[in-house]
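Here's the structure, in structure tokens; my notes come after.
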Amino acid sequence: MTILANKTDLVRAGSGTWQDQMKWAIRDLRGLRDVLGLADEGGLQHAAEAEFPVFAPLPYLTRITPGDSQDPLLRQLWPSGSEMESPGHFSTDPLGESDATKSSGMLQKYQGRVLLVTTGACAIHCRYCFRRHFPYEQSPKSMAQWEPTLTKIAADDSIDEVILSGGDPLTIVDHSLSRLIARIDEMAHIKRIRFHTRLPIMIPQRVTDAFLEILANARCQMIVVIHANHANELDLSVEQALSKIANSGAMLLNQAVLLRGVNDSLESLKNLSQRLLSCRVLPYYLHQLDPVSGAAHFEVDVKQGLQLVTELRSCLPGYAVPRYVQELRGEPNKTVLA
Ligand SMILES: *Cc1c(COP(=O)(O)O)cnc(C)c1O
Ligand code: SF4
């Protein structure tokens, strides 16, 4: 049985609200094997699943080729036995985020920008996620719990941009999101509000009219940074959702992670940039993988990354080439490699 052969799943993937899609998401290896027609890889794979469970929404799964264990979209969410091997320099807090936590739920590493860890929930569990070991339970859960952090931001003129991250901030329902944004938007010194989200890709239905209104009505410049690693993620339904975001007046950027077996070729990176442009999204960052334990098998050498980006630059317009960056502990900005 494959998802394409299974009419119920296919019809479901294109229907329902985004919350239905969160409910209908595949949440275990067995379900994933069933819908995609894949084989059980045995013991270590189950151990990997036990460490970080599967979460895979149907709309995204329809873009995967059934039966292909090397599919670049599948690899991003398919638990692998290799996750259980962790070389020494791969750790549970690779970026020193516990030191950068300045207030409950707030990280500040860089001048002028603060990042709010709004939720631990995501619409996919990316196997390479650098926050897979993040202590989300310490983040605020309600507006009342957010208030001390928001009061600090309101009192700090040196901050001009608030980044809503997580997890994925778009897992928060529109009426709660709207209250949080309104509270930030009323702070005169905040000029930009930025979302870091994979939801418009995983579940395009998430781009609701209420969310578009939040984007269109804010005083601040709104920036939506999506996260796509491969051109196949951006099908027509995603293109339409992104087009609505662009029409709201928000700026659309993409960050990708350089991942072995997903996008570590010139062809793949070039297709990704071109597809992003056709969806009105500018490639912003290409991240060197953060050394988070469990993700070592996704690592691409910096040397190879530099070569790829150099080649990419020779065949695309300058604005279509993302900055290749690495996050190093204690630096005042992300380190640009190329
Ligand atoms: C990446 C990151 C930012 C954003 O950095 P930009 O270079 O502005 O995109 C802000 N805060 C933290 C903690 C980050 O990790
Ligand atoms: S969507 Fe982002 S935060 Fe969530 S699992 Fe994927 S990389 Fe991690």
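The values are calculated or read from the model by the stated rules, or taken from the named source; none is laboratory data. Small disclaimer: the values here were computed from a predicted structure and weren't measured. No Cβ is skipped: glycine too gets one built from the backbone with ideal geometry, and neighbour counts run over all protein chains shown.
Note on the stretch 40-144: enclosed helices (runs of 4 or more DSSP H) holding 2 or more residues that are under 25 Å from GLN21 (Cα atoms) are 43-51, 58-61, 72-75. How many of the residues making up the stretch 158-185 are within 16 Å of ligand 2 (Cβ to nearest atom) and among the polar types (S, T, N, Q)? Adding up the residues that qualify gives 2. Among GLY330, GLY294, GLY249, which is the only one that is touching a residue at least 40 places away in the same chain (Cβ under 8 Å), surrounded by fewer than 20 Cβ atoms within 10 Å (Cβ to Cβ) and at positive phi? Answer to the selection: GLY330.
Taken over the stretch 188-214, the criterion of being touching a residue at least 12 places away in the same chain (Cβ under 8 Å), under 19 Å from ARG113 (Cα atoms) and of a type outside the set (S, T, N, Q) is satisfied by HIS189, ILE190, LYS191, ARG192, ILE193, ARG194, PHE195, HIS196. Restricting the stretch 167-199 to residues that are among the β-branched types (Val, Ile, Thr) and closer than 23 Å to MET22 by Cα, which is nearest to the chain's Cα centre (by Cα)? The qualifying residue nearest to the chain's Cα centre (by Cα) is THR197. I'd like to check something: does the stretch 141-157 contain any residue that is at pLDDT 95 or above, under 30 Å from ARG75 (Cα atoms), assigned by TED's automatic domain parsing to the domain that holds CYS220 and away from ligand 2 (no atom under 15 Å from the Cβ)? No - not one qualifying residue is present in the stretch 141-157. Only one of the numbered conditions (1) out of contact with any Ser or Thr (no Cβ under 7 Å at 6 or more places or on another chain); (2) over 15 Å from THR197 (Cβ atoms) is violated by ILE245, and that is (2). Filtered by the rule that a residue be crowded, with 18+ Cβ neighbours inside 10 Å and more than 16 Å from ligand 2 (Cβ to nearest atom), the stretch 186-206 gives MET187, ILE190, ILE193, GLN205.
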